[in-house]
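Asker: Here you go, one structure.
The values are calculated or read from the model by the stated rules, or taken from the named source; none is laboratory data. Not measured: the values here are computed from a predicted model. Here the Cβ positions follow ideal geometry from the backbone for every residue, glycine too, while neighbour counts run over all protein chains shown. Note: areas computed on protein heavy atoms with side chains; ligands, DNA, RNA excluded. Shrake-Rupley method; radii C 1.70, N 1.55, O 1.52, S 1.80 Å.
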Amino acid sequence: MGGVSIGPTKNPNKKSDPEPHSSRLYRELAPAYRVVWPAVARRRIVENVRTLDIPPGARVLEVGVGTGISLDCYPAHATVTGVDLSDDMLDEARERIRENGWDHCSVEAMNAESLTFDDSSFDIVTSFHTISVVADPREMMREMVRVCRPGGTLLLINHFRSDNRLIARFVDSAGNLTKRLGWRTDLDLDEILAEFPIRIDDRHKSSPLSLFTVLKATVDGDKESRLS
């Protein structure tokens, strides 16, 4: 992959919003996150991972694995790697792996916007509710595409800017809180996807009023030339 920056130029003198794992409010709410978030997100994750029909021997990467609440969704016949920036969350994920004897799973600390894996290292790359909390969503998407092999599968679940005005207005009303947490509410999925060599296989919401979009895509075979 070429060293091309695709995000907007950053003003070094501008104070940026806090990233999620450095946000004081995020840390204060972490205990509640560990209790509430699995109940909110888990069912959606389980249902969509199952649709992947992951074959034996598949190499799977989950970007933003957190405490590992999704790790038991993956079949034991696959090799699953999870990455995250939060050491505290990764410690919980490691404990979860140890307690359940998931020898097919491992996690490590890594920046989603600068993955250290080689190109085309994985057959399937997933990410759940992470792309809206990184500093550069486009760079994260670029990295997910880069490390997924041509013909491989991407599965992304996240909230994006809604076309529904009522939903968009509701989300905007919570802007001060979400900014303090380091979450973005203005991500435009079409803009993020436009420049990447992927074919959209499925894109849907679980209900018309859902805040979350499920995206399943296949990486094109000529991705190397298009990412350079």
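Asker: If the chain between Thr116 and Ala135 were fully stretched, how many nm would it gain, using 0.36 nm times the residue separation less the Cα-Cα distance?
Answerer: Details: separation 19, 0.36 × 19 = 6.84 nm, distance 1.74 nm.
Full extension from Thr116 to Ala135 adds 5.1 nm.
Asker: Which of the peptides 66-76, 103-113, 47-57, 125-135 is most tightly packed, and how do the rest follow, going by the mean number of other Cβ atoms within 10 Å of each residue? Intermediate values should be presented prior to the final figure.
Answerer: Values: 66-76: 20.6, 103-113: 17.2, 47-57: 14.2, 125-135: 22.8.
Order by mean packing, descending: 125-135, 66-76, 103-113, 47-57.
Asker: When Lys and Arg each count +1 and Asp and Glu each count -1, what net charge do the other residues less than 9 Å away from Val63, Cβ to Cβ, add up to? Display every interim value, and only then the final one.
Answerer: On the way: positive: none; negative: Glu62, Asp84, Glu143.
Local net charge: -3.
Asker: Counting only heavy atoms of the protein chains, get the accessible area per residue of the range 77-150 (1.4 Å probe) and round it to a whole Å² value.
Answerer: Numbers: 2890 Å² over 74 residues.
Accessible area per residue: 39 Å².
Asker: Could you calculate the contour length gain from Thr218 to Asn100, that is, 0.36 nm times the residue separation minus the distance between their Cα atoms, to one decimal place in nm?
Answerer: On the way: separation 118, 0.36 × 118 = 42.48 nm, distance 3.14 nm.
Residue separation times 0.36 nm, minus the Cα-Cα distance, leaves 39.3 nm.
Asker: So if each residue of separation counts as 0.36 nm, and I subtract the Cα-Cα distance between Thr51 and Asp91, what length gain in nm does that give? Show your work: numbers first, answer last.
Answerer: On the way: separation 40, 0.36 × 40 = 14.40 nm, distance 2.87 nm.
That works out to 11.5 nm of additional length.
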